Amino acid sequence: MANAFSYRKIPAIYVTEERLFSDIKATYNRASEDSEDEVLQRYYSVPILMIDDIFTAQYKEWAEGKLFSIIDERQKNNKVTIMTSNYSLGRIRERLPMNGGKIGSRIDGKAIQIEMLGPDRRALNKNESA
């Protein structure tokens with residue numbers, strides 16, 4: 001999908017959840033060229049944000065708050081957010097005790113859920129290249 005958006009010159013950001021949080025944390029370094037607000041604004045405003053492997057990080061209150069802020073701001077501004085996860089919406093609340101209910105509600109209110117069934121293609125590709 002990211003390649004298709006790029007080909008069509010549609011502004012989009014593809015990021016893993018781990019990278020998203022790393023980008024924000026990097027702003028806390030005094031040598032950072034970007035402020036936290038600038039990084040968040042990038043994620044808030046890009047027309048299409050793709051977050052891969054969401055809900056896999058070791059969550060603390062800080063991470064839950066940042067994720068909620070991004071999802072909430074994007075929803076308020078009708079921005080497209082594409083997320084992949086091994087977690088169903090029902091499991092988000094238990095995974096994120098502070099903001100899981102609010103995050104799940106925002107995702108469920110706008111989401112089209114597509115369940116991908118079948119074997120792990122990463123394992124299949126690994127065997128093919130060997």
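Please treat every number below as a calculation from the coordinates, not as lab data. Because the structure is predicted, anything quoted here is derived from the model rather than measured. Because the Cβ atoms are built from the backbone with ideal geometry, glycine has one as well, and the counts that use them run over all protein chains shown.
Overview of results
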| read-out | value |
| --- | --- |
| For the range 1-110, radius of gyration divided by Kirkwood radius, i.e. Rg to Rh on alpha-carbons | 0.96 |
| Charge context of N99, other residues only, Cβ under 13 angstrom, K/R +1, D/E -1 | +2 |
| Extension reserve of the W62-Q41 stretch, reckoned as 0.36 nm per residue once the Cα distance is removed | 5.8 nm |
| Extension gain (nm, one decimal) between N86 and Y14, 0.36 nm per residue minus Cα-Cα | 24.2 nm |
| FRET efficiency, 1/(1 + (r/R0)^6) with R0 30 Å, evaluated for Y7 and D34 via beta carbons | 0.60 |
| Length added when fully stretched, D53-E73, from 0.36 nm per residue minus Cα-Cα | 5.2 nm |
| Calculated FRET efficiency for the pair T27/A111, C-beta based, R₀ 41 Å, to 0.05 | 0.90 |
